[in-house]
1. I'd like the full set of residues that are without any contact (Cβ under 8 Å) to a residue 12 or more places away in the chain and farther than 16 Å from residue 144 by Cα, limited to the range 74-97.
2. Looking at (1) more than 28 Å from residue 191 (Cβ to Cβ); (2) among the small types (Gly, Ala, Ser); (3) open to solvent by 40 Å² or more (accessible area, probe 1.4 Å), which one does residue 77 not meet, given that it meets all the others?
3. State all residues of the range 40-58 that are in contact (Cβ under 8 Å) with a residue 12 or more places away in the chain, of a type in the set (Gly, Ala, Ser) and closer than 22 Å to residue 122 by Cα; if no residue qualifies, say none.
4. Take the residues in the range 152-209 that are among the polar types (S, T, N, Q) and not in a helix (DSSP H, G or I), then tell me which one is modelled with the lowest pLDDT.
5. For residues that are open to solvent by 50 Å² or more (accessible area, probe 1.4 Å) and touching a residue at least 60 places away in the same chain (Cβ under 8 Å), scanning just the range 179-195, find the one that is farthest from residue 151 (Cα to Cα).
6. Which residues, counting only those in the range 1-11, are modelled with pLDDT under 70 and of a type outside the set (S, T, N, Q)?
7. For the structure I just gave you, tell me whether residue 128 is within 24 Å of residue 37 (Cβ to Cβ), open to solvent by 50 Å² or more (accessible area, probe 1.4 Å) and out of contact with any helix residue (DSSP H, G or I) (no Cβ under 8 Å at 6 or more places or on another chain).
8. Among 85, 146, which is the only one that is farther than 30 Å from residue 44 by Cα, open to solvent by less than 20 Å² (accessible area, probe 1.4 Å), of a type in the set (Ser, Thr, Tyr) and in a helix (DSSP H, G or I)?
Amino acid sequence: MPLSGTRPRKRLTREESRAQTRATLIAVGRRHFLRYGLGGAVAEKIAEDAGYSRGALYANFDGKEELFVAVIQEEQARHLNVFRSLLKEEPSSKKRLKKMRDTIADLMTDHDWIVLRAEFEVGALRSERIRRSFVEVHRQQLRDGSELVRDLLRSPEVTSKLKPDDFITVITNLAHGLAVTQRILGAELSQKSTRNLVQSLFDHLIASA
């Protein structure tokens, strides 16, 4: 006799089941790409560790390259949600600017993102397919980032030395390159120093009265 108050588990629709499968493969794929890199990760092993068959992975993605791009896109979407939330919740333009600066510094010195972004860049140099995906992601990043900067610039107290698109291009690529160098050099260039340099670059390009 079933326990009182228990309910049968809701049966997932086909769309819900597919979304769950993709989410699990992306999460496990992320761990594999961080550990083995894009070149060293194996699609079949990712599927196995996710609890699915090889066929399930290829039913959702063309292969590990498309899965890797899905991981990058999910990371970008998560970052964008963080920025949108912090700007929406803070009414003060000066504090919004500081929060954006500090969040960019945190992101650009985050180990996982540094590795994934570097893998994406190397993959784009070696594979035309990944290069096309990189261009698409870059364009989306410019659109999203520029929207955030334009929102900041609506305040008369905030001024920028660069157009929104140029600001995002500079802060993203210079900060990431600096963060990659820091990871390679280790103690010779501390994470704290790198974070301070990213913040200084931000302050030089955009500021509040």
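1. From the range 74-97, those without any contact (Cβ under 8 Å) to a residue 12 or more places away in the chain are 77-78, 81, 85, 88-92, 95; that's our starting set.
Within the range 74-97, 89, 90, 91, 92, 95 meet the criteria.
2. (1)
3. Result: 41, 43.
4. So in the range 152-209, the residues among the polar types (S, T, N, Q) come out as 155, 159-160, 169, 172-173, 181-182, 190-191, 193-194, 196, 199-200, 208.
Okay, now just the ones that are also not in a helix (DSSP H, G or I), so 155, 159-160, 190, 208.
Working: 155: 90, 159: 94, 160: 94, 190: 90, 208: 84.
Ranking the qualifying residues of the range 152-209, first place goes to 208.
5. Ranking the candidates gives 183 first.
6. Taking the range 1-11 as the starting set, the residues that turn out to be modelled with pLDDT under 70 are 1-10.
Once the filter is applied, which keeps residues that are modelled with pLDDT under 70 and of a type outside the set (S, T, N, Q), the range 1-11 yields 1, 2, 3, 5, 7, 8, 9, 10.
7. Details: within 24 Å of residue 37 (Cβ to Cβ): yes; open to solvent by 50 Å² or more (accessible area, probe 1.4 Å): yes; out of contact with any helix residue (DSSP H, G or I) (no Cβ under 8 Å at 6 or more places or on another chain): yes.
Here the answer is yes, as residue 128 does meet what is asked.
8. 146
The values are calculated or read from the model by the stated rules, or taken from the named source; none is laboratory data. A quick note: this is a predicted structure, and the numbers were derived from the prediction, not measured. As a convention, Cβ positions derive from the backbone with ideal geometry for all residues, glycine included, and neighbour counts pool all protein chains shown. Keep in mind that these areas ignore ligands, DNA and RNA; they rest on the heavy atoms of the full protein, side chains included. Shrake-Rupley method; radii C 1.70, N 1.55, O 1.52, S 1.80 Å.
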